[in-house]
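Peer 1: Take a look at the following structure, please.
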Amino acid sequence: FNFFTLEVMSRSAVRGDGRLARSEAVTAALRALEANAEDASAQEHACRALHTACGGADHEDREVAEDATNAGALECTVQAMGLHTQHAGLQGEACSVLVNICLGLDAAGLARANRAAAAGALEALVTAMDKHPEDTIVHERACLAFVVICAGIDAVGLAIAQRAAEAGALEAIVRSMELHRARASIQQHACRVLVNLCFPFPGEPPGSRDLADRAASAGALEAAVSAMTAHAGNVEVQEQGCRAIFNICYDNNTTCDRARAVRVTRAGALEAIAQAMEAHVQHAGLQEQGCWLLINLCAGHGADERARAACAAGMLEAVVRAMDAHVSHPGIQAHAAWALCHLCSTANEGEHKGRAERAAAAGASEALTRALAQHAGNAQIEAHAQRALVQLR
């Protein structure tokens, strides 16, 4: 095979935007993979051509990905990864193949992800990360592949997440975050993997969060806080870090697992969240996620101690700023009002008075009153805002 010609063919097919031409490029790449199984360099070039031909997120792109899947591209790619575990270039290109083919949250995309998992992709990704600990390209692409393959939230998604955990994915992700602390893209994608693997799946029994427990034991909570602290200016890292902490700490029976909440609070999560909300006040997604995480951490057994720490970190002011900056956003208004309820609620009368006065000084009463007027008829906002106003009196 002339691999230069193969890559030119795949790139030309993409530029020409024709499904037939791109499917032909996929067929040529797969023939190259099968004919050169023992040649790691040849496999790398073939994988590069394959992921180029399968790139893109529109309808035709996904049709090409489906053609590639039906032709056995996922199995060929995983086989190549297994044959040449020491070849970093091949591992990186193969990770990109998995990303480009499995991309998509529709039924077809999730089916491709399930097929990739069945082919051994999850185990291959963990091996790639372990064999190439210092290679940022391998780690970044492997994390992204985990995000795409583990995107399902139904029973099949739970099975894939469990298989990933059994393969050692959670430990590999945390190691990657520790090794590549300065690489924002790896931290962002790694947090997204934690979000997906620790999602509160409907099939999990009440009070049973085995994946979240395993993530916490691996050091995922500390890694997420460290990522947020190290990349305070990167809003994507901040938002995904908040989401990861929320999913790991969430308990589908008691709202918040006390042991995990205590652990992440000691790691500095509340200070990191307050810093993130202050630095990115105009980013609606982060503000809503920050409020939602605060609600989660300041509920359940031992909540008063965590609420005290949150107030000390400046969360009262951060929540009011969020309401002021996003007056027309119903989600932020509802979650911020709910967060204020948790922050100001305490059995200690003197402490309650101090928190209420501090919230009032930050403009909480005006923000809550405005939310009630602007979102009249929104039952969630009305319930939380009225309760919060009572807390401030």
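Peer 1: In terms of modelled amide H atoms, which long-range or inter-chain residues lie less than 5 Å from the amide H of ASP135?
Peer 2: none
Peer 1: List the relative contact order of region 269-393 as a percent without decimals, with contacts defined as Cα pairs under 8 Å and 6+ residues apart.
Peer 2: 26 percent
Peer 1: Further, regarding this structure: Order the peptides 292-299, 163-170 from the highest to the lowest mean number of other Cβ atoms within 10 Å of their residues.
Peer 2: 292-299, 163-170
Peer 1: To continue, here is another question. How far is it, in nm, from the label point at VAL390 to the one at GLN282 when both lie 7 Å from their Cα along the line to the Cβ?
Peer 2: Output for this residue pair reads 3.8 nm.
Peer 1: Using the Karplus curve 6.51 cos²θ - 1.76 cosθ + 1.60 with θ = phi - 60°, what ³J(HN,Hα) values do you get for each residue of region 111-121, in whole Hz, with x for Gly and Pro?
Peer 2: 5, 5, 4, 5, 5, 4, 4, 5, 7, x, 5
Peer 1: Also, quick follow-up: What is the extension gain from GLN374 to ASP304, computed as 0.36 nm multiplied by their sequence separation minus the C-alpha to C-alpha distance, in nm to one decimal?
Peer 2: 22.1 nm
Peer 1: Here's something else I'd like to know. Around ASP251, which amide H atoms from residues at least 5 apart in sequence, or from another chain, sit under 5 Å from its own amide H, with H modelled in the peptide plane?
Peer 2: Those qualifying (amide H under 5 Å, at least 5 residues apart or on another chain) are CYS256, ASP257.
Peer 1: According to a simple spin-label model (label point 7 Å from Cα along Cα-to-Cβ), what is the distance in nm between ALA37 and GLU357?
Peer 2: Distance between the two pseudo-spin positions: 7.8 nm.
Peer 1: For GLU134 and LEU105, calculate 0.36 nm times their separation in residues minus their Cα-Cα distance, and state this gained length in nm to one decimal.
Peer 2: The GLU134-LEU105 span can extend by a further 7.3 nm.
Peer 1: Can you run phi through the Karplus equation (6.51, -1.76, 1.60; θ = phi - 60°) for region 142-150 and list ³J(HN,Hα) in whole Hz, with x for Gly and Pro?
Peer 2: Working through the residues one at a time gives 5, 4, 5, 5, 4, 4, 6, 6, 9 Hz.
Any read-out appearing in this document is the output of simple, stated calculations on the displayed coordinates, not a laboratory observation. Predicted model only: the values in this text are computed from it and were never measured. Because the Cβ atoms are built from the backbone with ideal geometry, glycine has one as well, and the counts that use them run over all protein chains shown.
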